[in-house]
Amino acid sequence: MQIKSFSARTLDANALKSFAHPLRLRMYELLEQHGPATATGLAARLGQNTGATSYHLRELAKHGMIEVVPGMGRGKEKYWRVTPGGYSYGEARPADPEVAGALDYLLDDLVRRRGEELSRWRQESDRAPEEWLAASAYGRRSLRLTPEETARMRDQVFEVLERYRALSDGRAESGAPGPAGQVVVHFDVLPLGSLPEE
């Protein structure tokens, strides 16, 4: 069964290998959390020199992960942002061991980030504004489904998330002010019982 892609692009082998770098992942994370920034601003935040952050920003841009924000900055100063549309890691495990290793690194980082984000919200939620607290949710379900039902459910959830991603991307593109904040949605479909019992 073909897995649908619910993002603007799938990272190819070169992009996976390039993205699987601790500093690039951290820079991407900061741009995602805090919005546009310059190489100088990121260097100060990360304790790096501007040459290093400039290089890594160019590498991220080369693979379409980030882009220069039009109309921001003066002279040679560039503000960078996460490219709207999202990305996926692909549909199958890469055959190339180097690319597979990069994918493993990225997936391990994804698990790490999810844990950090859940912990952060647990710590912040008692001080959050009431409207954000009311809009938030934790969720976990354990279901007995066939592979076909599982794929259909996954696709339907991603279709809903895709509509809101498009809304978010439109807001980011227009720079519209307002009460919008960064909202992180975790969604995993883990067929943990798919292996035969030993």
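The values are calculated or read from the model by the stated rules, or taken from the named source; none is laboratory data. Quantities reported herein were computed from a predicted structural model and do not represent experimental measurements. Neighbour counts run over all protein chains shown; Cβ positions are idealised from the backbone, glycine included.
Tabulated data
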{"item": "Those residues of the range 25-39 which are in contact with a strand residue (DSSP E or B) (Cβ under 9 Å, 6 or more places away or on another chain) and without any contact (Cβ under 8 Å) to a residue 40 or more places away in the chain, in sequence order", "result": "Met27, Leu30"}
{"item": "Given (1) among the small types (Gly, Ala, Ser); (2) assigned to a loop (DSSP other than H, G, I, E, B); (3) modelled with pLDDT of 85 or more, number of the condition Gly193 does not satisfy", "result": "(3)"}
{"item": "Arg112, sole failed condition from (1) under 19 Å from Tyr89 (Cβ atoms); (2) touching a residue at least 40 places away in the same chain (Cβ under 8 Å); (3) under 19 Å from the mean Cα position of the chain (by Cα)", "result": "(2)"}
{"item": "Failed item, numbered, when Pro191 is tested on (1) surrounded by 11 or more Cβ atoms within 10 Å (Cβ to Cβ); (2) in contact (Cβ under 8 Å) with a residue 40 or more places away in the chain; (3) closer than 27 Å to Tyr89 by Cα", "result": "(1)"}
{"item": "Residue count, the range 50-85 (criterion: in contact with a Lys or Arg (Cβ under 9 Å, 6 or more places away or on another chain) and at positive phi)", "result": "2"}
{"item": "Residue match in the range 50-62 (condition: acidic (Asp, Glu) and either touching a Gly at 6+ places or on another chain (Cβ under 7 Å) or at pLDDT below 95 (or both))", "result": "no"}
{"item": "Extreme residue, nearest to Val184 (Cα to Cα), among residues of the range 126-155 that are surrounded by 10 or more Cβ atoms within 10 Å (Cβ to Cβ) and not hydrophobic (A, V, I, L, M, F, W, C)", "result": "Ser136"}
{"item": "Conditions (1) in contact (Cβ under 8 Å) with a residue 40 or more places away in the chain; (2) surrounded by 15 or more Cβ atoms within 10 Å (Cβ to Cβ): number failed by Lys62", "result": "(2)"}
{"item": "Qualifying residue in the range 17-24 (condition: in a helix (DSSP H, G or I), without any contact (Cβ under 8 Å) to a residue 40 or more places away in the chain and among the polar types (S, T, N, Q))", "result": "no"}
{"item": "The one condition in (1) within 24 Å of Glu159 (Cα to Cα); (2) touching a helix residue (DSSP H, G or I) at 6+ places or on another chain (Cβ under 9 Å) that Ala92 fails to fulfil", "result": "(2)"}
{"item": "Some residue of the range 75-90 being assigned to a helix (DSSP H, G or I) and either in contact (Cβ under 8 Å) with a residue 40 or more places away in the chain or exposed (fewer than 10 other Cβ atoms within 10 Å of the Cβ) (or both)", "result": "no"}
